[in-house]
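Below is one structure; the comments refer to it alone.
Derivation of every value follows stated rules applied to the coordinates shown; laboratory data play no part. Note that this is a predicted model, so its numbers are computed, not measured. Because the Cβ atoms are built from the backbone with ideal geometry, glycine has one as well, and the counts that use them run over all protein chains shown.
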Amino acid sequence: MPVTLTFLGHAGFLLEAGSHAVAIDPFLTGNPVAKQKPADIRCRHIVLTHGHADHLGDTVTIANANGATVYAAFEICEYLTEQKVQASPGNPGGRIDTDFGWVAFTQAFHSSSYEGRYMGMPCGVVLHLGGVTIYHCGDTALFGDMKLIGEIYKPDIACIPVGDRFTMGPELGKRAAELIRPKVAIPIHYKTWPEMLVTDISAFAPAGVEVKILEPGEAWRFG
Ligand code: NI
Ligand code: MN
């Protein structure tokens, strides 16, 4: 079954397969490149990589408007439960079966807090829906076990941060793609704030991996 990936800008996606819709890191309000508004997002599931405001974003608004369940680190889910959001906690190494397929959490080398509150381990997430496997690396440094994650989950698509400063830059993102070996690598987490994040990602040219650049708001069908 084909999966439609809509890039929400920065690190956010809306994934749709058949009747299922899953948002990842839906940061729209205050996102200078976002084309969608929170009210545009229709989904029954939201997956978060970590608690930083540029990822948690509009999660509470979208979850409450849609009656969506949020999958995230334990501490993020404690916070969301206080906000009356239905939350399903996990942590790195774990997998959760869902009605659309499953979501697994991997490690990420980063930090995770929201408004000064500790939000648990930062994560990468692997989603399986419509027969397609997508590894969203979250915000992370390069690490050698990306090769292992690639071997275990065999992702069709990897979403790889390349904006530098807070994550890998284009050169290290290239190395990440070559370790993960997805069919397609989508660069994320760059250019959103040009004074902070890299805008030229021409060095993100992994050997043997197709690169798909999505513009904010763009929808792309895979499979
Ligand atoms: Ni972050
Ligand atoms: Mn970030």
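Loop-resident GluC sites (Glu not before Pro) (DSSP state other than H, G, I, E or B) in the stretch 127-223 with no more than 14 further Cβ atoms inside 10 Å of their Cβ: E195, E218. Exposed loop sites were defined as trypsin sites (Lys or Arg not before Pro) in DSSP loop states (anything but H, G, I, E or B) carrying at most 13 other C-beta atoms within 10 Å; in the chain the longest segment without such a site runs 85-164. Each DSSP beta bridge with both residues in the chain is either parallel or antiparallel, and the antiparallel ones are about 60%. Which shape class applies to the chain: rounded if a/c is under 1.5, otherwise prolate when a/b exceeds b/c and oblate if not, where a ≥ b ≥ c are the square roots of the Cα gyration tensor eigenvalues? Here the chain falls in the rounded category.
Which shape class, rounded, prolate or oblate, goes with the stretch 1-133 when its Cα gyration tensor gives a ≥ b ≥ c as root eigenvalues, a/c under 1.5 marks rounded, and past that a/b bigger than b/c marks prolate? Because its axes are fairly even, with a/c under 1.5, the stretch 1-133 counts as rounded. Between A185, A53, A39, the GNM of the chain built on Cα springs shorter than 10 angstrom shows A39 fluctuating the most. Spatially close Lys pairs in the stretch 111-219, defined by Cα atoms under 15 Å apart and a spacing of eight or more places or different chains, total 6. Of all the options S113, S88, S202, the one that moves most in a Gaussian network model of the chain with Cα springs shorter than 10 angstrom is S202. Name the chymotrypsin sites (Phe, Trp or Tyr not before Pro) in the stretch 88-192 that are in a loop by DSSP and that have at most 14 other C-beta atoms within 10 Å, would you? Hits after loop and neighbour filter: F109. Each of W102, G130, I149 was placed along the dipole of the chain (beta-carbon charges, centred on the mean Cα), and the one lying farthest toward the positive end is G130. Our coupling estimate for the stretch 82-89, obtained by passing each phi through the Karplus curve with A = 6.51, B = -1.76, C = 1.60 and θ = phi - 60°, is 4, 8, 6, 9, 6, 10, 10, x Hz, Gly and Pro reported as x. Of all the options G208, G116, G51, the one that moves most in a Gaussian network model of the chain with Cα springs shorter than 10 angstrom is G116. Stretching D40 away from A141 to a fully extended chain increases their span by 33.2 nm, per 0.36 nm per residue minus the current alpha-carbon distance.
Taking other C-beta atoms within 10 Å as the exposure proxy, T49, T140, T69, T81 rank T81, T69, T140, T49 from fewest upward.
Multiplying the residue separation of V211 and Y118 by 0.36 nm and removing their Cα-Cα distance gives an extension gain of 30.0 nm.
At full extension, R95 and R221 could sit 42.8 nm farther apart than now, given 0.36 nm per residue minus the alpha carbon distance. With an a/c value of 1.5 or above and a/b not larger than b/c for the gyration tensor axes a ≥ b ≥ c computed over the alpha-carbon atoms, the stretch 23-63 is described as oblate. In plain terms, the residue of D200, D58, D25 with the fewest other Cβ atoms within 10 Å comes first and the most crowded comes last, giving D200, D58, D25. Taking the Cβ-Cβ separation of S19 and Q83 as r and a Förster radius of 30 Å, what is the calculated FRET efficiency to the nearest 0.05? According to the calculation, E is roughly 0.65. Projected label points at R175 and W102, each 7 Å from Cα along the beta carbon direction, are separated by 3.1 nanometres.
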